[in-house]
Amino acid sequence: MHHRYSTWLIGLATYALLVGPGSASAQTRELSESGQLLDGIAALVNDGVVLKSELETETSRIVERLRAEGQQVPPPAQLVPQVLERLVIQRIQLQRAERVGIQISDETLNQALANIAERNGVSLTELPTVLAQEGIDYGTYRTELRNQLAVEQLRQRDVIARISVSPRELDEYLERQQGREFASQEFNISQILIATSAIASPDDVARAERRIDELYRRATSGEIFSQLAIANSDGQRALEGGELGWRRGDELPTIFADVVPGLQPGQVSEPIRSSSGFHLVRLNDRRGGEPIMENQVRVRHILLTTNEVLDDEAVRQKLLEVRSQIIGGDDFAAVATAMSEDPGSAVEGGDMGWTNPNVFVPEFREVCNTLPIGVLSDPVQTPFGWHLIEVLDRRIEDTTEEVARQQAIMAIRNSKLGEESELWARRLRDQAFVEYRL
């Protein structure tokens, strides 16, 4: 098996099958009276089931990935319950997605597959062959990807869309960030979560606290954090070693924001209590923190578009005449105000203000980057029409504060997202009927 595609597929579809059915699958299936193999039930989940064959396949996939990553594989007594719990939670989420009417169209699915293929340097028509080389059935892959997209839409609906940011929160957030050097840094973190239910008894909470204290002792005594997470964590990323990836300092989960910046790479925090349980967080690495310097251009333009009377050549000739008049002494701003068809800039005499050229369409951007200051361009065609362009000035600007404000709302939402997602998944799990049959 090619490790590159193994990693690729693991990241793309939570349930993607990296190994074909084999003897291990058949060993726990029962024989019917006719001698045919019958699949067993690993768990009842509301009005559905998780099959033993699904559990075996997913466990094999996890083992394959852990070995490819050089991770120690936990004993089956630890790993199998972790994998089964993940499948149970996924089944609960898919059941809810179906109840609320979430459906992934073939068009949406095909676009997702096309994006996946493009990111990995193959065409959509080549994708089935590439998957087959990995031992993966294309029809199964489509089904599992459709499920993943449905769960993500459900998460958008139930969690992300309901995270609100008030003006007061925004103001307080920006005030808190002043002077905090870590706000623009990025942190790669992992966590171990020992979850507690909203209806947990004091004894349940005490047991969870003892577990997290023991895991903290083991993590700080030299045991590998990712392996402890795989075997013990209740977090949704447990089987990925608890890894949460890179987060900006201002996008850290709220419960970690005061802890992570003070950690050194490789250091594990003391247990942290939250509404979802007890956490250990490990700082894997950190980067960034430099000012954000941006190339900017101040440009003004006159825009004319084609219509029933004026075709492209007529508009171009008209702009050539206007260009000659401006070079001959007419005021650019007055002409732009009188005739430009860009309402946003016409009222400013065509002035578009200081802007990062990368926001413009390629044809306009190319002129902004190459035209000498104070020189009036020839007519330039873009998807919006025909332009006369003049670059007034260029500069390199420290936009750290501006970017910080633009990102503030997104950062607040993202800081709430991790914990809200865990609470959401736990609520769905607590409300579901689950009966294990192993």
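Miscellaneous remarks
- Subset of region 367-384 (residues that are among the small types (Gly, Ala, Ser) and farther than 14 Å from LEU304 by Cβ): GLY374
- Every test in (1) among the aliphatic types (A, V, I, L, M); (2) over 26 Å from HIS279 (Cα atoms); (3) at pLDDT below 90 is passed by ALA150 save one, and that test is (3).
- Hey, ALA231 surrounded by fewer than 22 Cβ atoms within 10 Å (Cβ to Cβ), of a type in the set (A, V, I, L, M) and within 18 Å of GLU420 (Cα to Cα) or not: no
- Figure legend. Inter-residue proximity from region 355-369: first residues assigned by TED's automatic domain parsing to the domain that holds HIS387 and surrounded by 14 or more Cβ atoms within 10 Å (Cβ to Cβ), second residues of a type in the set (Lys, Arg) and part of a helix (DSSP H, G or I), beta-carbon distance below 8 Å, spacing 6+ or different chains. Indicated pairs: PRO357/ARG365.
- In region 178-207, the residues that are over 17 Å from VAL259 (Cα atoms), crowded, with 19+ Cβ neighbours inside 10 Å and either at pLDDT 95 or above or of a type in the set (Val, Ile, Thr) (or both): ILE194, THR196
- With respect to the conditions (1) hydrophobic (A, V, I, L, M, F, W, C); (2) more than 30 Å from PHE187 (Cβ to Cβ); (3) in contact (Cβ under 8 Å) with a residue 12 or more places away in the chain, LEU423 falls short on a single one, namely (2).
- Taken together, SER197, SER226, SER190 contain a single residue that is in a helix (DSSP H, G or I) and either closer than 23 Å to LEU87 by Cβ or assigned by TED's automatic domain parsing to the domain that holds VAL88 (or both), which is SER226.
- If you filter region 279-313 down to residues that are among the aliphatic types (A, V, I, L, M) and either within 30 Å of PHE187 (Cα to Cα) or loosely packed, with under 13 Cβ neighbours inside 10 Å (or both), you find that the one that is modelled with the lowest pLDDT is ILE292.
- Here LEU215 fulfils each of the conditions (1) in contact (Cβ under 8 Å) with a residue 40 or more places away in the chain; (2) closer than 28 Å to PHE278 by Cβ; (3) under 22 Å from the mean Cα position of the chain (by Cα) apart from (3).
- Residue satisfying condition, being modelled with pLDDT under 90, assigned to a helix (DSSP H, G or I), outside the structural domain of SER415 (by TED's automatic domain parsing) and farther than 30 Å from ASP258 by Cβ, within set GLN90, GLN95, GLN111: GLN111
- Some residue of region 178-189 being under 26 Å from ILE292 (Cβ atoms), basic (Lys, Arg) and touching an Asp or Glu at 6+ places or on another chain (Cβ under 9 Å): yes
- Condition met for TRP354 (hydrophobic (A, V, I, L, M, F, W, C), touching a strand residue (DSSP E or B) at 6+ places or on another chain (Cβ under 9 Å) and under 30 Å from VAL165 (Cα atoms)): yes
- Identity of the residue in region 363-392, over 22 Å from GLN317 (Cβ atoms) and in a helix (DSSP H, G or I), that ends up nearest to the chain's Cα centre (by Cα): ARG365
- Filtered residues of region 329-362 (kept if in a loop (DSSP other than H, G, I, E, B), within 33 Å of the chain's Cα centre (by Cα) and farther than 23 Å from ASP312 by Cβ): ASN356
- Leading residue by the ranking (nearest to VAL45 (Cα to Cα)) among those in region 118-140 that are out of contact with any Phe, Trp or Tyr (no Cβ under 8 Å at 6 or more places or on another chain) and touching a residue at least 12 places away in the same chain (Cβ under 8 Å): THR140
- Scanning region 19-53 for residues that are modelled with pLDDT under 90, under 34 Å from the mean Cα position of the chain (by Cα) and part of a helix (DSSP H, G or I) gives a single hit, SER25.
- Cβ separations smaller than 9 Å between residues 6+ apart or across chains give the following pairs from region 147-165 residues that are farther than 9 Å from GLN93 by Cβ to residues that are acidic (Asp, Glu): VAL159/GLU420; ILE160/GLU420; ARG162/GLU420; ILE163/GLU420.
The values are calculated or read from the model by the stated rules, or taken from the named source; none is laboratory data. Just so we're clear, the structure is a prediction, and the values are computed from it rather than from any experiment. Note: ideal-geometry Cβ built from the backbone for every residue, glycine included; neighbour counts use all protein chains shown.
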